[in-house]
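Take a look at the structure below.
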Amino acid sequence: MTLPVITPDEARRLVAGGARLIDIRSADEHVRANIPGAENRPIAALGRIDDAPAVVYHCRSGMRTAANAQRLAAATDCPAYLLDGGLDAWRAAGLPVAENRKAPLEIMRQVQITAGALVVLGVVLGLLFQPAFLGLSAFVGTGLMFAGTTGWCGMARLLAVMPWNRRAAG
């Protein structure tokens, strides 16, 4: 089932009329930037939404909501919509966005930065000092492939318990 896609202005009008605005991004993404009044219900833990006249779902760019439209539609019996372009389009339309620049970067962005840095480090050290350092790049690449195929990322788990991320969660 495909849900209707609406503009940020249409979503704002629906929410002003009582519709619930549901942010399906992860909690760490929601803390860093969100639409004021949006409820954070990550897609991985989304349950039934039965007490709303209508529901407007959003993510950052609209891709996650579009990819999960069937699951989102099944989560409610009321009229449901997807915010076209997500939070990015909401911001571009000049509508309010609450930002917390002190919140840590989202875990997946931390993984991307760390993995990229370790791959480059392994290559540079391998070329300049000892070819065995290329194993670091291979190890990180293998870890990323494992994470992609299983859905379990050891680097994300490790980064989640780092002091800067624990402080934000508490």
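Quick look at the values:
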| item | result |
| --- | --- |
| Which of CYS78, CYS153 has the fewest Cβ neighbours within 10 Å, and the rest in rising order | CYS78, CYS153 |
| Sparse-neighbourhood loop sites, chymotrypsin sites (Phe, Trp or Tyr not before Pro) in region 87-170 - DSSP loop, at most 14 other Cβ within 10 angstrom | PHE129, TRP152 |
| Positive minus negative residues near ALA38 (Lys, Arg vs Asp, Glu; Cβ under 10 Å) | +1 |
| Relative intensity, log₁₀ I(q)/I(0), of region 79-170 from a Debye sum that treats every alpha carbon as a point, q = 0.16, 0.18, 0.25 Å⁻¹ | -0.86, -0.94, -1.14 |
| Base-10 log of normalised Debye intensity for region 5-99 (one unit scatterer per alpha-carbon) at q = 0.10 Å⁻¹ | -0.20 |
| Positive-end residue, the chain charge dipole about Cα centroid, Cβ charges, pick of CYS78, ILE35, LEU14 | ILE35 |
| Kyte-Doolittle at least -1.0, axis length at least 30 Å by Cα - qualifying DSSP helices, the chain | 107-128 |
| Inverse of mean 1/r across different Cα pairs in the chain, Kirkwood, Å | 18.0 Å |
| Loop-located trypsin sites (Lys or Arg not before Pro) in region 34-140 whose Cβ has at most 11 other Cβ within 10 Å (DSSP) | ARG48, ARG101, LYS102 |
| Region 48-170 - percent relative contact order, Cα under 8 Å, separation 6 or more | 19 percent |
| Exposure proxy order (Cβ contacts within 10 Å, fewest to most) of ASP51, ASP28, ASP88 | ASP51, ASP88, ASP28 |
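The numbers here are math on the coordinates, done by the rules we state, and not lab data. Everything numeric here is computed off the predicted structure, so don't read it as measured data. Virtual Cβ from ideal backbone geometry, glycine too; neighbours counted across all protein chains shown.
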